[in-house]
Amino acid sequence: MKSITIQPALSVNGEITVPGDKSISHRSIMLGAIANGVTTIRGFLRGEDNMATMGAFRAMGVRIEDDGEIVTIHGQGLRGLREPADIIDCGNSGTSIRLLTGLLAGQSFFSVVTGDQYLRKRPMKRVVEPLVRMGARIMGRDKGTLAPLAITGGALNAIGYESPVSSAQVKSAIMLAGLYADGETSVREPTLSRDHSERMFRLFGASLEVFKNGVTVRGGTELTGQEIGVPGDISSAAFFMVAALVTPGAELLIRNVGINPTRTGIIDILRSMGGSLELLHEREVSGEPVADVLVRSSRLKAIQISGDVVPRAIDEFPVICVAAACAEGRTTVRGAKELRVKETDRIAAMATNLRTLGVVVEECDDGMDILGTERLGGGTVESYGDHRIAMSLSVAALVSHGGITIRDVECVATSFPSFFPLLEQVAGR
Ligand code: S3P
């Protein structure tokens, strides 16, 4: 297990780009593989999670080339995937396993999907249950609720599904299965989760209709290969936004960031805390809004976070906790129980780690209270194998007393392999 020690920074300055959006990268491989014709992807994220998705489709007979700049997928059409010869290993990637399970449910072959020790603990019932309702045959550990999942694909029937959780992975798994179902499949969720699938399905020519907090997909429509440009991942940019806000005298321009409104909860939250974030040069690329984000150091104040903004910032809570630890007053987070079933239990992980750094934190079932402090302490903290915990603590280190050692940081490669060099590049010492 590799550890890293990050020293405090005087400031954070410069101009950067962050790697491509993870969610959009997954979807562009998946839809490219089952479309007719060629799909090209520029800005594809070459993190371990996305490489797992790429490997899965190669194992199903899809030719995918990568020249380091552009990924080219030779689409096989809706019915052109082949039975994989071995189990499909999704590594740490929840998006790979859940979306693939939906797609595989509609194929005319057998497949098994699994993942690493963390993924095999994460709940799969949320996708298995609606897919079984569509007629899928899926077996797995603990009554089909944990990976490995064995999927005997076949004919599916359309359903109308009211999802109990706001989850883009659940919604997208059902949408992918819906492409193979007989009729119109609908999913409605309590509040809208990220809508990258809806946007990309439309781009590829799928027959779909969006409505308030939901979507309907008509089965059987063939897709057409596209040229996709993937914007920088706002979830990766978030670490640098907070780094610039909490260090004095900082000014950082983050170019080419995806600002899909279902993902910009982080900007809304940081602005309500008093953060200076300006969106420049707003534009649209491949059906997704994009901008450059200019961040200046700011005095942050505590706020109350709950409601619809929570799914719009769901992956950013570890770094929001760091912002809260540096803010004046008591920040509260509620309605965020989903954080307990991410790559690790992110409420417990951040509470434990922030306490190690001398911050007063109280945990509750669906959130936490964080009392901001003048200066974070130093010490050794744990990633728990979760990339976003590791990167958030690295941001905390920039404003710590004497630096922070973070244990088990290999996991950063799942979503942001160039994170540490980029952090060093912008951190003035
Ligand atoms: C994702 C959806 C979210 C998010 C994850 C990526 C996606 O998960 O946390 O990092 O690409 O669909 P949930 O669907 O579990 O909320």
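A Cβ distance below 7 Å, combined with a sequence gap of six or more or placement on separate chains, defines the contacts here; from segment 172-201, residues that are assigned by TED's automatic domain parsing to the domain that holds Leu104 and part of a loop (DSSP other than H, G, I, E, B) reach residues that are within 11 Å of the ligand (Cβ to nearest atom) and of a type in the set (D, E, K, R) in the pairs Glu189/Lys171; Ser193/Lys171; Arg194/Arg263. Scanning segment 172-189 for residues that are more than 12 Å from the ligand (Cβ to nearest atom) and over 10 Å from Ile159 (Cα atoms) gives Ala177, Leu179, Tyr180, Arg188. Within segment 129-161, if we keep just the residues that are of a type outside the set (A, V, I, L, M, F, W, C) and within 16 Å of the ligand (Cβ to nearest atom), the residue that is nearest to Gly91 (Cα to Cα) turns out to be Thr145. Just one of the listed residues (Val210, Val165) is within 11 Å of the ligand (Cβ to nearest atom), surrounded by fewer than 21 Cβ atoms within 10 Å (Cβ to Cβ) and outside any helix (DSSP H, G or I), namely Val165. Every listed requirement among (1) away from the ligand (no atom under 16 Å from the Cβ); (2) crowded, with 18+ Cβ neighbours inside 10 Å; (3) at pLDDT 95 or above is met by Ala52 save one, (1). Consider segment 1-49 and keep the residues that are of a type in the set (S, T, N, Q) and under 27 Å from Glu343 (Cβ atoms). The one that is nearest to the ligand (Cβ to nearest atom) is Ser23. From the list Thr356, Thr373, Thr344, Thr332, the lone residue that is β-branched (Val, Ile, Thr), away from the ligand (no atom under 16 Å from the Cβ), under 23 Å from Arg407 (Cα atoms) and assigned by TED's automatic domain parsing to the domain that holds Ser400 is Thr356. Look at segment 32-55: where a residue is on the phi > 0 side of the Ramachandran plot and a partner is in a strand (DSSP E or B), sitting 6+ places away or on another chain with Cβ atoms under 7 Å, you get Gly37/Gly75; Gly37/Thr224; Gly43/Gly20; Gly43/Gly229.
For (1) among the charged types (D, E, K, R); (2) buried (at least 20 other Cβ atoms within 10 Å of the Cβ); (3) in contact with a Cys (Cβ under 7 Å, 6 or more places away or on another chain), each residue gets a yes or a no:
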| site | (1), (2), (3) |
| --- | --- |
| Pro261 | no, no, no |
| Val290 | no, yes, no |
| Asp308 | yes, no, no |
| Phe317 | no, yes, no |
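In this structure, does Leu103 turn out to be within 16 Å of the ligand (Cβ to nearest atom), among the hydrophobic types (A, V, I, L, M, F, W, C), crowded, with 17+ Cβ neighbours inside 10 Å and over 29 Å from Leu422 (Cα atoms)?
When the stated conditions are applied, Leu103 passes them.
Given the residues Gly232, Gly225, Gly205, which is the only one that is surrounded by 20 or more Cβ atoms within 10 Å (Cβ to Cβ), more than 22 Å from the chain's Cα centre (by Cα) and either touching a residue at least 12 places away in the same chain (Cβ under 8 Å) or in the same structural domain as Arg299 (by TED's automatic domain parsing) (or both)?
Numbers: Gly232 fails: more than 22 Å from the chain's Cα centre (by Cα); Gly205 fails: surrounded by 20 or more Cβ atoms within 10 Å (Cβ to Cβ).
Testing whether each residue is surrounded by 20 or more Cβ atoms within 10 Å (Cβ to Cβ), more than 22 Å from the chain's Cα centre (by Cα) and either touching a residue at least 12 places away in the same chain (Cβ under 8 Å) or in the same structural domain as Arg299 (by TED's automatic domain parsing) (or both) leaves just Gly225.
Count of segment 88-100 residues, restricted to those that are away from the ligand (no atom under 13 Å from the Cβ) and touching a Cys at 6+ places or on another chain (Cβ under 9 Å), is 0. Restricting attention to segment 131-162, which residues are part of a strand (DSSP E or B) and in contact with a Phe, Trp or Tyr (Cβ under 6 Å, 6 or more places away or on another chain)? Thr152, Leu156, listed by residue number. Just checking, does segment 349-358 include any residue being buried (at least 24 other Cβ atoms within 10 Å of the Cβ) and closer than 18 Å to Tyr118 by Cα? Yes: segment 349-358 contains one or more residues that are buried (at least 24 other Cβ atoms within 10 Å of the Cβ) and closer than 18 Å to Tyr118 by Cα. Within segment 240-251, the residues that satisfy the criterion of being of a type outside the set (Gly, Ala, Ser) and surrounded by fewer than 24 Cβ atoms within 10 Å (Cβ to Cβ) are Thr247, Pro248, Glu251. Against the criterion of being within 29 Å of Glu288 (Cβ to Cβ), more than 24 Å from the chain's Cα centre (by Cα), free of Cβ contacts under 8 Å to residues at least 60 places away in the same chain and crowded, with 19+ Cβ neighbours inside 10 Å, Met134 qualifies. When restricted to residues that are farther than 22 Å from Ala9 by Cβ and not hydroxyl-bearing (Ser, Thr, Tyr), segment 235-282 contains 15. Total residues in segment 395-429 satisfying the condition of being over 13 Å from Ile6 (Cβ atoms) and buried (at least 21 other Cβ atoms within 10 Å of the Cβ): the figure is 4.
The values are calculated or read from the model by the stated rules, or taken from the named source; none is laboratory data. It should be emphasised that the depicted structure is a prediction, and the values quoted were computed from it without experimental measurement. Please note: Cβ atoms are built from the backbone with ideal geometry, for glycine as well, and neighbour counts cover all protein chains shown.
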